[in-house]
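Below is one structure; the comments refer to it alone.
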There are 2 protein chains.
Amino acid sequence: MRIAQVPPLYEAVPPRLYGGTERVVAHLTDALVELGHDVTLFASGEAQTRARLVVVRDQAIRLDPAPLKSDLAAHLAMLLEVRDRADDFDIIHFHTDMLQFGLFADIAEKTLTTLHGRLDMKDLPNLYRRYPQFGLVSISDSQRKPLPDANWVGTVLHGVHTDSYVQRPDNAEGYLAFLGRISPEKGPDRAIAIARAAGRRLKIAAKIDQADRAYFHEVVEPLLADPMVEFIGEIGDRDKGRFLGGADALIFPIDWPEPFGLVMIEAMAAGAPVIAYDRGSVREVIEDGLTGFIVNSEQEAADAVSRLGSLSRRAIRDRFDLRFSATAMARRYQSLYAQRVEMRGADLGLVRSA
Amino acid sequence: MRIAQVPPLYEAVPPRLYGGTERVVAHLTDALVELGHDVTLFASGEAQTRARLVVVRDQAIRLDPAPLKSDLAAHLAMLLEVRDRADDFDIIHFHTDMLQFGLFADIAEKTLTTLHGRLDMKDLPNLYRRYPQFGLVSISDSQRKPLPDANWVGTVLHGVHTDSYVQRPDNAEGYLAFLGRISPEKGPDRAIAIARAAGRRLKIAAKIDQADRAYFHEVVEPLLADPMVEFIGEIGDRDKGRFLGGADALIFPIDWPEPFGLVMIEAMAAGAPVIAYDRGSVREVIEDGLTGFIVNSEQEAADAVSRLGSLSRRAIRDRFDLRFSATAMARRYQSLYAQRVEMRGADLGLVRSA
């Protein structure tokens, strides 16, 4: 199949450091190539891919030091480039929210759009109602709840390639890990409280967005004075495997409807169990008592730390391989692509009689 | 002529408080109605207009207390509403930057797009090169400089209706005024330094965006301890007329390529001279020695304060009436609309032989 992948331009594909969407697209793209498809990736110049690369910006936006940039212009220019080549593809897979709707309204049936973000926002129902022709993919069933009537064609849980994540089943080093973004909904302050209650060391590897600087300075920074807590900043894939593989558990104390939570499967790839709050996608990703523990409070989380010995790091990795490899994800998307192509063929009267 | 006006949804039309673009569109829309046109305004529910109103959101985005909103979804839904009704109009006038390009690419010739922002951004040249079919209007010649090759069809300086601004030619109350937004490029700290050097009181009426809170707390707030400086927060149109009419001068010490600077003509409408830094549009708006003084430093600005007695507040208002009334602006747009309609007629072979 001739497939176009169209991720956002905020981070490199894959990201050098933080970044969920572009990481998933990078791994999906390579896995589709491995499955034998003819894949074209539209991305910024740093992209590393086994697919054909069409460079649409010199570098990814977030870490570009240019003083004045326009996210919107960069993305719209990319979309026009995709539009110009639309005839080259059987399916165009967008990861850019709704930005492509205007330009692709007349060929919506040859597109698929994965929504990567939270959907409980005031303006979304009206928009998606107005564009019913675009087939949408959710990254968890939970993510769909605010938009039950949108044109959902499937849920595809994320997967990642395992090359970058070292499995270290017997080698935990006696610390708990927090990995991600410093923000109230991700709960680094709760992670610190949990580690304290459990009497364990905590290492925090996270980026701090401009918008979250005040929260960091006012809430998190004072807690870092505790010698049991170590803040190591934003880390990349290579360090991530070691960081997670060495952890007794990943602490994931979210307070928002997490649409997926890529870090949970990254931890599983490294053999680390996950102690996660029961919000959003968590029940679809973590198998309670097998790959981690699902909890509802700091106390429950601290109690779960004392039960970590009952989990097998090797079994956790096995569950990852079965459910969350990039290939597993690519196969699920492959079947959605095939459905779209077949539907279109049927519309055009082109489907071969079986 | 059947005209659609499509402003952004960030502020009410006109704005309750701060907001340049939506204010200009409000005044343009009413002035076009007064000129006899059939005008439709797409806007949020609070809009006050003499045109036909199509409500596309319950309220404007910025002051909407909803915790989670999507600017992009709100605007794209509005644009689709406009697209559905495109046949009802001879001309569709967008004030939404480039967001409409995808959806209106096939009928670009019946649209006009006024760009209201700064254009010296990395991603813009590539985007505008890719959409040459959209006719663009600049709000000053200076604004065009970073994009000399875009498809410019005219420059239309802003205008405002004068009903809202009291002319108080003989009634200055002995203070200097700063009005707008607290941000480094608008220069409230420089305004304070200028007032101090000139030995005058300064009143600051300004909004503070989330992004500028750190700048406010770190740079501006400490300067407010001076008893000669008064910070009165964000104000609306009614207060603005009094605020500017009572000022000896508006201080406009910008440090960026200001595309227009609406507050300069609001000051002129109230009879107040403007002391402005020589950046961006300033030379196109202020007539040095007649409606204000154009300066290049805090010292020059302070010296200009001592020369304010040489300016006539009545003459300033006269220049405003001649150059910057809403009607003057509407007539300039009217002639651009007519050109577009005529060109399209010629393309379609529909122009009557003269």
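Descriptive notes on the structure:
- Filter pass, residue A:57 being at pLDDT 95 or above and surrounded by fewer than 17 Cβ atoms within 10 Å (Cβ to Cβ): no
- Residues that are within 16 Å of the chain's Cα centre (by Cα) and under 30 Å from residue B:306 (Cβ atoms) number at least 2 in the following strands (runs of 3 or more DSSP E) confined to segment B:79-182: B:175-181.
- Residues being touching a Leu at 6+ places or on another chain (Cβ under 9 Å) and in a helix (DSSP H, G or I) - total across segment B:191-236: 7
- Qualifying residue in segment B:250-262 (condition: within 23 Å of residue B:118 (Cα to Cα), within 14 Å of chain A (Cβ to nearest Cβ) and either among the aromatic types (Phe, Trp, Tyr) or in a helix (DSSP H, G or I) (or both)): yes
- Conditions (1) within 13 Å of another protein chain (Cβ to nearest Cβ); (2) touching a Leu at 6+ places or on another chain (Cβ under 9 Å); (3) modelled with pLDDT under 95: number failed by residue B:67: (2)
- Only residues that are open to solvent by less than 10 Å² (accessible area, probe 1.4 Å) and away from every other protein chain (no Cβ under 13 Å) were counted across segment A:116-132, and they come to 0.
- Note on segment A:136-146: residues that are open to solvent by less than 10 Å² (accessible area, probe 1.4 Å) and either modelled with pLDDT under 95 or under 21 Å from residue B:75 (Cα atoms) (or both) total 1.
- Filter pass, residue A:62 being in contact with a helix residue (DSSP H, G or I) (Cβ under 6 Å, 6 or more places away or on another chain), open to solvent by 10 Å² or more (accessible area, probe 1.4 Å) and either more than 8 Å from chain B (Cβ to nearest Cβ) or of a type in the set (Lys, Arg) (or both): no
- Residue match in segment B:1-14 (condition: surrounded by fewer than 17 Cβ atoms within 10 Å (Cβ to Cβ) and in contact with a His (Cβ under 6 Å, 6 or more places away or on another chain)): yes
- Exactly one residue among A:283, A:340, A:279, A:317 is open to solvent by 10 Å² or more (accessible area, probe 1.4 Å) and assigned to a loop (DSSP other than H, G, I, E, B), and that residue is A:279.
- Filter result for residue A:243 (part of a loop (DSSP other than H, G, I, E, B) and open to solvent by less than 20 Å² (accessible area, probe 1.4 Å)): no
- Scope segment B:79-90; condition more than 8 Å from every other protein chain (Cβ to nearest Cβ) and in contact with a Lys or Arg (Cβ under 6 Å, 6 or more places away or on another chain); matching residues: B:89, B:90
- Here segment A:104-115 is the region considered, the condition is being touching a Phe, Trp or Tyr at 6+ places or on another chain (Cβ under 8 Å) and open to solvent by 10 Å² or more (accessible area, probe 1.4 Å), and the residue that is nearest to the other protein chains (Cβ to nearest Cβ) is A:105.
Rundown of residues vs (1) open to solvent by 10 Å² or more (accessible area, probe 1.4 Å); (2) aliphatic (A, V, I, L, M); (3) closer than 12 Å to residue B:194 by Cβ, yes/no style:
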| residue | (1), (2), (3) |
| --- | --- |
| B:271 | no, no, no |
| B:287 | yes, no, no |
| B:294 | yes, yes, no |
| B:300 | yes, no, yes |
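- In the set (1) within 14 Å of chain B (Cβ to nearest Cβ); (2) in a strand (DSSP E or B), the condition left unmet by residue A:43 is number (1).
- Residue B:135 meets the conditions (1) among the small types (Gly, Ala, Ser); (2) facing chain A (nearest Cβ under 9 Å); (3) within 23 Å of residue B:329 (Cα to Cα) in every case but one. The failed one is (2).
- For residue B:48, the conditions (1) more than 14 Å from chain A (Cβ to nearest Cβ); (2) surrounded by fewer than 16 Cβ atoms within 10 Å (Cβ to Cβ); (3) more than 20 Å from residue B:17 (Cα to Cα) all hold with the exception of (3).
- Residue count, segment A:213-240 (criterion: open to solvent by 20 Å² or more (accessible area, probe 1.4 Å) and within 14 Å of chain B (Cβ to nearest Cβ)): 5
The values are calculated or read from the model by the stated rules, or taken from the named source; none is laboratory data. Keep in mind that what you see is a predicted model, and the values were worked out from it rather than measured. Cβ sites come from the backbone with ideal geometry, for glycine too, and all protein chains shown count toward neighbours. Note: accessible area is taken over every heavy atom of the protein model, side chains too, but ligands, DNA and RNA are not part of it. Shrake-Rupley method; radii C 1.70, N 1.55, O 1.52, S 1.80 Å.
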